[in-house]
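J.: I have a structure here, written as structure tokens, and I will follow up with some questions on it.
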Amino acid sequence: REFGSDALRFSIISITSQGQDVFLSKEKFEFGRNFTNKLWNAARYVLMNLSEEAVKEGISEKSETLANRWILSCFHETVEKVQKNLVSYRFNDAAQALYDFIWHKYCDWYLELSKLESGGPAARNCLLAVLDGSLRLLHPFMPFITEEIWRKLPEGRSGCIMTADWPVCDEDLIDKKATEKMEKLISVITAVRNARSFWNINVRTILDVDFDVKDDKDIELLKEEPIYIERLARCRIRAIGKGLARPEHSVAALAGGIRLFIPVGEAVDLQKEEERINRKVEEVENHLIGMEKKLANKAFLNKAPQEIVEKEKAKKENFEQKLKALRENLNALG
């Protein structure tokens, strides 16, 4: 079989809103399959890094790291969203809330952040606690994979996941300040990574980064939590301050209200890169002109199947995003 029952079930629930028709396609089922694989691989990582005595424990907000406070806050906010959407029969919104949390926050970021603690017990217990709660929330949507992973969790989880207690939102663990701080750090890390990728800089190269900051709170945050940025973005924080001058041969980026300057002169031929970007801008603009003419053609819109029209609109949106990103990087050269 190309798609498992859980992948099929989650895909259909996610794309089906109340009172709306659904256009099914093979690509839409890949959404659920990819999510199933992501969940399985994340669970394998967590279980491989658990000690024998690891158990689900309550995490003290006062004694834990920023990353732990952030993921627990996000988890309990997700519990609240899922509960509200289920009560109002908005099953697709509940599924989307779980997808966003598990894929984008837990898998994409917290698994990486937890590695910075060198496998400490606090990180392991938090990884397990959030995985445990996420499986319970997911069980109505994906009963088979959640049961399979549940049975592999450490002792203390007897019986079937179907009879396990439903997670309850703990408002005391919803930490808006931790969320704001971590989201700002994530945006900074992403900006440095994007610059490295766009300018084809070797992943082994440690980049220097200067931060031109307007808010004293941001200066305090960058000084308190440098490890997240330096380790995950593979860079060195060279300077933090207000009104910093832009270094020569550097690219600029804006992340969470913080302006970054990344000197790339030695690693990048800026003149050649500027020429490369301009060629790509021209190429994408030509694609967009052709697609806009096609979508403005009434004969095409009336005769083509709705699914084909939607694909063309999605392609146009994708090219618009590419063009925006190219221009932003071109402007980053100053």
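The values are calculated or read from the model by the stated rules, or taken from the named source; none is laboratory data. Everything quoted here is computed from the prediction, not taken from an experiment. Virtual Cβ from ideal backbone geometry, glycine too; neighbours counted across all protein chains shown. The protein model used for the area step is the full one, side chains on, heavy atoms only, and it has no ligands, DNA or RNA in it. Shrake-Rupley method; radii C 1.70, N 1.55, O 1.52, S 1.80 Å.
J.: May I ask you to order 242-248, 93-99, 27-33, 274-280 by the average number of other C-beta atoms within 10 Å around their residues, highest value first?
T.: In descending order of packing, they fall as 93-99, 27-33, 274-280, 242-248.
J.: Using θ = phi - 60° and the Karplus form 6.51 cos²θ - 1.76 cosθ + 1.60, what ³J(HN,Hα) does each residue of region 263-279 get, whole Hz, x for Gly and Pro?
T.: x, 10, x, 6, 9, 9, 8, 4, 5, 5, 5, 5, 5, 4, 5, 4, 5
J.: Counting only DSSP beta bridges with both residues in region 199-303, tell me the antiparallel percent, nearest 5.
T.: The antiparallel fraction comes to roughly 60 percent.
J.: Can you give me the long-range amide H partners of residue 250? Hydrogens built in the peptide plane at 1.01 Å from N, cutoff under 5 Å, separation of 5 or more residues or another chain.
T.: 264
J.: Divide by every residue of the chain the summed helix terms, -39500 (n - 2.57) for each DSSP H run of at least 4, and state the resulting mean residue ellipticity at 222 nm, rounded to the nearest 500 deg cm²/dmol.
T.: Taken over the chain, the calculation gives -19000 deg cm²/dmol.
J.: Whose amide H sits under 5 Å from the amide H of residue 175, counting only residues 5 or more places off or on another chain, with H placed in the peptide plane?
T.: Amide H to amide H, under 5 Å and 5 or more residues apart or across chains, residue 175 pairs with 73.
J.: Hey, can you grab everything whose amide H is under 5 Å from the amide H of residue 208? Only 5+ residues off in sequence or another chain; H modelled, so Pro and N-termini drop out.
T.: The answer is 236.
J.: May I ask you to derive the relative contact order of the chain, considering only C-alpha pairs under 8 Å and at least 6 residues apart, and to give it as an integer percent?
T.: Here the relative contact order equals 15 percent.
J.: If DNA, RNA and ligands are ignored and the probe is 1.4 Å, what is the ranking of 139, 249 by accessible area, most exposed first?
T.: Greatest to least solvent exposure: 249, 139.
J.: State whether region 189-334 is rounded, prolate or oblate according to the following rule on the C-alpha gyration tensor (a ≥ b ≥ c being the square roots of its eigenvalues): a/c under 1.5 gives rounded; otherwise a/b larger than b/c gives prolate, and the remaining case gives oblate.
T.: Prolate, because a/c is 1.5 or more and a/b exceeds b/c.
J.: Same structure again: Using Cα pairs under 8 angstrom and six or more residues apart, how large is the relative contact order of region 86-179, in percent?
T.: RCO, region 86-179: 21 percent.
J.: To continue, here is another question. When only the heavy atoms of the protein chains count and the probe is 1.4 Å, how do 91, 144, 319 rank by accessible area, highest first?
T.: 144, 91, 319
J.: Can you send over the solvent-accessible area of residue 15, 1.4 Å probe, protein chains only, in Å² to the nearest 10?
T.: Probe radius 1.4 Å; accessible area of residue 15 about 60 Å².
J.: How much accessible surface does residue 269 have with a 1.4 Å probe, in Å² rounded to 10?
T.: 80 Å²
J.: Sticking with this structure for a sec: Hey, got the Cα dimensions of region 258-334 along the principal axes, in Å, largest first?
T.: 54, 27, 16
J.: Could I ask something else about it? Measuring from the lowest to the highest alpha carbon on each principal axis, how far does region 214-299 reach, largest first, in angstroms?
T.: Over region 214-299, Cα extents along the principal axes are 60, 31, 26 Å.
J.: Mind checking which of 308, 321, 137 is farthest towards the positive end of the chain's charge dipole, using Cβ charges of +1 (Lys, Arg) and -1 (Asp, Glu) about the Cα centre?
T.: 308
J.: In the structure displayed, which of 293/313; 177/324; 184/217; 81/313; 81/152; 81/176 lie more than 20 Å apart, Cα to Cα?
T.: 177/324; 81/313; 81/152
J.: Related question: What is the antiparallel percent of DSSP beta bridges lying wholly in the chain, to the nearest 5?
T.: Rounded to the nearest five, the antiparallel share is 60 percent.
J.: Right, here's the next one. Report the local net charge at residue 261: Lys and Arg +1, Asp and Glu -1, summed over other residues whose C-beta lies under 12 Å from its C-beta.
T.: After counting each charged neighbour, the total is -1.
J.: Can you compute 3J(HN,Hα) from phi for each residue in region 177-193, using the Karplus curve 6.51 cos²θ - 1.76 cosθ + 1.60 with θ = phi - 60°, rounded to whole Hz and x for Gly and Pro?
T.: Taking θ as phi minus 60°, the curve returns 5, 4, 5, 4, 5, 5, 5, 5, 5, 5, 5, 5, 4, 5, 5, 5, 4 Hz for region 177-193.
J.: Only one of the values [x] 42; [y] 17; [z] 21 was calculated from this structure for percent of Cα pairs over 33 Å apart; name its label.
T.: Looking at percent of Cα pairs over 33 Å apart for this model, the match is [x].
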